[in-house]
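Scroll down for the structure; my scribbles are underneath it.
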């Protein structure tokens, strides 16, 4: 058996199990999508949003990229954000990083990684801003994990800087923004930051004509 064929067999087994437990499962999913959460997570295969939160299909709208970044020029991310906020009307947006993130580790080095350098530059900017705090950590692992936490906080703040979120805050008093970090070694999510809808942000980033 080719290795990818195992995935297809597992899919069939999963679908059969779902129908045995709930014969209407797929018909409901096919006709409605009403998630209350947008999850912006890392592409790392060890951090699946549904598994670590115990949620079912249809409950979380998901966007993933290397190191869970919110980059103001990323049209993919912005399209997901706009759709989730304006169409799905999610009530919460979660930026979830994870300790030991390889993308953050790579950004802390001076090594070239090819095209990914352009993406990692965004994390390097976070490191530059918070360098003194990161470098004060007692060892290399602690430094990486400190930057991972600070990066999550920065990405939550980047969400608040978008006209999409600011407009929703102004007119609908949602969504609430959350910054979490997942522990690969213990499976526990650490909530480290929160911006309730309507939280004050630097006036320089505010849009007055929304």
Where the centroid of each part is defined by its Cα atoms, how far is the range 107-123 from the range 130-166 in Å?
16 Å
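Output the relative contact order of the range 68-198, whole-number percent, from Cα pairs under 8 angstrom with separation of 6+ residues.
Values: 172 pairs, mean separation 43.4, N = 131.
Worked out over the range 68-198, it gives 33 percent.
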Share antiparallel - DSSP beta bridges, the chain, percent rounded to 5
25 percent
What is the Cα radius of gyration of the range 108-210 over 2.2 N^0.38 Å, N being its residue count?
1.26
Would you please report the Å³ per residue occupied by the convex hull of the alpha carbon atoms in the range 1-80?
135 Å³
Compute the distance from the alpha-carbon center of the range 1-54 to that of the range 56-83, in whole Å.
18 Å
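Rounded to the nearest whole Å³, what is the per residue volume of the convex hull around the Cα atoms of the chain? Working shown, then result.
Values: hull volume 33.9 nm³, N = 210.
Hull volume normalised by residue count: 161 Å³.
Where a number appears in this text, it was derived from the coordinates with a stated rule and is not lab data. None of these values were measured; they are calculated from a predicted model.
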